[in-house]
1. Given the structure, is Asp37 part of a helix (DSSP H, G or I) and of a type in the set (Asp, Glu)?
2. If you go through region 34-87 one residue at a time, how many are more than 15 Å from the chain's Cα centre (by Cα) and at pLDDT 90 or above?
3. Take Leu46 and decide whether it is in contact with a strand residue (DSSP E or B) (Cβ under 6 Å, 6 or more places away or on another chain) and either of a type in the set (Phe, Trp, Tyr) or within 24 Å of Val69 (Cα to Cα) (or both).
4. Please go through region 38-87 and give me each residue that is surrounded by 13 or more Cβ atoms within 10 Å (Cβ to Cβ) and farther than 13 Å from Asn19 by Cα, ordered by number.
5. Go through region 2-24 and count every residue that is in contact (Cβ under 8 Å) with a residue 12 or more places away in the chain and surrounded by 12 or more Cβ atoms within 10 Å (Cβ to Cβ).
6. If I filter region 40-87 down to residues being in contact (Cβ under 8 Å) with a residue 40 or more places away in the chain and part of a loop (DSSP other than H, G, I, E, B), which single residue comes out as farthest from Glu8 (Cα to Cα)?
7. Please identify the pairs in which a residue from region 25-39 that is aromatic (Phe, Trp, Tyr) has its Cβ atom under 9 Å from the Cβ atom of a residue that is part of a helix (DSSP H, G or I), counting only partners at least 6 apart or on another chain.
Amino acid sequence: MGSANRIELLDALRDGPKNVGQLVAGYPGCQSAVSRDLQILHGCGLVSREKKGQQVVYSISPVVERLCVELDAVARCTRTRQMGSGQ
């Protein structure tokens with residue numbers, strides 16, 4: 001992926017589908033940068049897009065969403081183990 005900003009976009013899309021304008025508000029960069037990063041994420045299969053009227057709405061792909069859920073579970077488990085061992 002090559003960009004922390006793209007990870008932030010994926011994280012923002014975990015809350016639900018959004019258009020570019022909605023994503024720009026919480027993103028470090030201009031609309032063209034957001035559009036470019038979304039195009040890259042779409043090309044990698046990490047997000048899907050759907051045309052609704054004149055807007056394009058982006059959402060995180062189901063596979064990536066499942067991966068995020070699994071990674072969250074691993075992180076919680078790791079924190080619990082660390083707390084139990086006094087680290």
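The values are calculated or read from the model by the stated rules, or taken from the named source; none is laboratory data. As the structure is a prediction and not an experimental result, all values here were calculated from the model. When we count neighbours, we look across all protein chains shown, and the Cβ atoms used for this are built from the backbone with ideal geometry, even at glycine.
1. It is true that Asp37 is part of a helix (DSSP H, G or I) and of a type in the set (Asp, Glu).
2. Filtering region 34-87 down to residues more than 15 Å from the chain's Cα centre (by Cα) leaves 50-56, 73-87.
Retained after the next criterion (residues that are at pLDDT 90 or above): 50-56.
Qualifying residue count for the region: 7.
3. Values: in contact with a strand residue (DSSP E or B) (Cβ under 6 Å, 6 or more places away or on another chain): no; either of a type in the set (Phe, Trp, Tyr) or within 24 Å of Val69 (Cα to Cα) (or both): yes.
No, not satisfied.
4. Within region 38-87, Ile40, Leu41, His42, Leu46, Ser61, Val64, Glu65, Leu67, Cys68 meet the criteria.
5. The qualifying residues number 14.
6. Cys44
7. Taking only residues 6 or more apart or on different chains, the pairs are Tyr27/Asn5; Tyr27/Glu8; Tyr27/Leu9; Tyr27/Ala12; Tyr27/Ala33; Tyr27/Val34; Tyr27/Asp37.
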